[in-house]
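Take a look at the structure set out below.
Please treat every number below as a calculation from the coordinates, not as lab data. What you see is a predicted model, and the numbers here were worked out from it, not measured in a lab. All Cβ positions, even for glycine, are placed from backbone atoms using ideal geometry, and neighbour counts span all protein chains on display.
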C-alpha cells in the first residue's frame, strides 16, 4: 500500500506542475499586420494560452500559458497553419528539476515525449531554452541538415519507433525532437 | 502612353517596399484564415462608351468563409442599375483551393486553383465575358503569388465560359465566342506604416494591376490597367479605392472604365 502511494506521489510530482512556462514562435510566409493578426487571434483561441505578445516586423509571437496548463507544441503549430502560415522556429522556456539527459534519450516530460538530438550527457536544472527541430517547426533546409544528428527513425516519422519501447515509450506515440539552446 | 504606363509598372517593381498581396481587382493565391468570416461590399461606377456622361452602378455584397487553411468559399450577389432601376441580377459562388505553398520568413510562393459559377438574368450586351456581374457561366483558373520582403507579385490564368443568361436572355454572339482566356498581373506595395508597432496602425497599400481577356474564337482582347489605394484598419477592415481603364480595347464592353470602392470586414475564429 505504501509503495502504491509512493508511486502515485512520484507520478504526480512528475506531471503536476506546468513545466513549460513560455513558448516563442516565429511564423513564415507573411509581412502584413492583418496576416499577423490572424495568427495572433488563432493562438489566443487556445484554452491554455494566457497571453500572446506579437512582433509584427519579425513575425514572432511570445506565448505565455495559464498556471498548470499542459502545453502541446502540435496544437500551437496547427493554430499557425490554420491561420494560413507556417512555423519557421519554435523555442520553449522549460523548467527542469534535476533531470538527467543521456544521448538520444527519450524523455517523457510535461505531457510530451522529448528526444534530445545533439546534447551532451548532463543533468539539467532550472530554466533552459529548447528548440523543436521536427518537420514543420524549421525550414526544410534545416530539417534535412539535422537528419544526420540521429540514426533513429523517429526524426523522420515524428513518432516513437518500436525500439523505444525499452525506455517505456508506446510505439507510435508522438515524439518531439529538440535541442538545448 | 502605353509605354509610359508600362515603365511606371516596372519602376514600381524595383522600388523599395514591403509588398502586400491583398489585391483589389484580383484574388491572391493565399487563403483566408480557417474558421474566419468576411463581409465585403464592392461598388463600381462604370462609364458608358456610348454616352460618356452616363455611369452604370454595380454593387456586389459578398460573404466569405474560410473553410480550412487551404480552402475558402465566397457567395456573391450582383446588383445593377444598368436598366434604370437598381435590381438583383444574379449571383455567384467562388471557391479557391491553395494547393502549393513554400514559406520562409517574410517570403512565400503559393499557388491556388479557383472556380466561379455565375448566374445572371440581365441581357447580354457585350462580347467581353464577365462572370462578376454580366454573364452566367463558369470560370476556372490558377493563381501564383510570390511574396518577397519588398514586393508581392501575383499572376493568374483562367478559362471563362459564357452560358445563356437567365429569363430568356441568350448569349447573342456566335456559339464559338462563348470561350475566353482571362489573365492578370498584380503588384502591391506597403506605403505606411514605415515600422510596425501595433495592430491598430492604419496600413496603406498601393496596387497596380493588369487585367486582360482574349476571346478564344475571335482573338480580340482587352487589357486594362487598374491602379488602386487600400487602407487596412485595425488589422481586420479594408477600404479599397480603384480606377480601371483600357490600354488595349478590341474586345468591346458597353462600359469599359470606371471607379471601384470596396469595404471589407473580417472576423477571425468566427466558428
Checklist line | Sequence ranges A:32-43, A:120-131, B:238-249, B:41-52, ranked by mean other-Cβ count within 10 angstrom, highest first | finding: A:32-43, B:238-249, B:41-52, A:120-131
Next item on the list: Just order A:145-151, B:151-157 by mean Cβ neighbour count inside 10 Å, highest at the front, would you?
Entry: B:151-157, A:145-151
Margin query: Run the helix sum for chain B: -39,500 (n - 2.57) per DSSP H stretch of 4+ residues, divided by residue count, reported at 222 nm to the nearest 500 deg cm²/dmol.
Written below: -1500 deg cm²/dmol
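What is the order of A:177, A:115, fewest Cβ neighbours within 10 Å to most?
The most exposed by this proxy come first: A:115, A:177.
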Item checked: Relative contact order %, chain A, counting alpha carbon pairs below 8 Å whose residues are six or more apart -> 20
Notebook entry, point to check: Between rounded, prolate and oblate, where does region A:2-180 land on the alpha carbon gyration tensor, with a ≥ b ≥ c its root eigenvalues, rounded for a/c under 1.5, else prolate if a/b exceeds b/c?
Noted result: oblate
Note to self: Sequence gap at least 6, Cα distance under 8 Å: using those rules, report the relative contact order of chain B to the nearest whole percent.
What the structure shows: 19
Checklist line | Partner chain coverage, peptide B:190-200 - average Cβ within 10 angstrom | finding: 3
Check: Based on the mean of other beta carbon atoms within 10 Å per residue, what is the order of B:173-183, B:129-139, A:87-97, most packed first?
Finding: B:129-139, A:87-97, B:173-183
Notebook entry, point to check: Within 10 Å of each Cβ of A:44-50, how many other protein chain Cβ atoms are there on average?
Noted result: 1
Margin query: Taking beta carbons within 10 Å but only from partner chains, what does the mean come to for residues A:83-94?
Written below: 4
Check: When DSSP assigns beta bridges and you keep just the ones with both residues in chain A, what percent turn out antiparallel, to the nearest 5?
Finding: 90
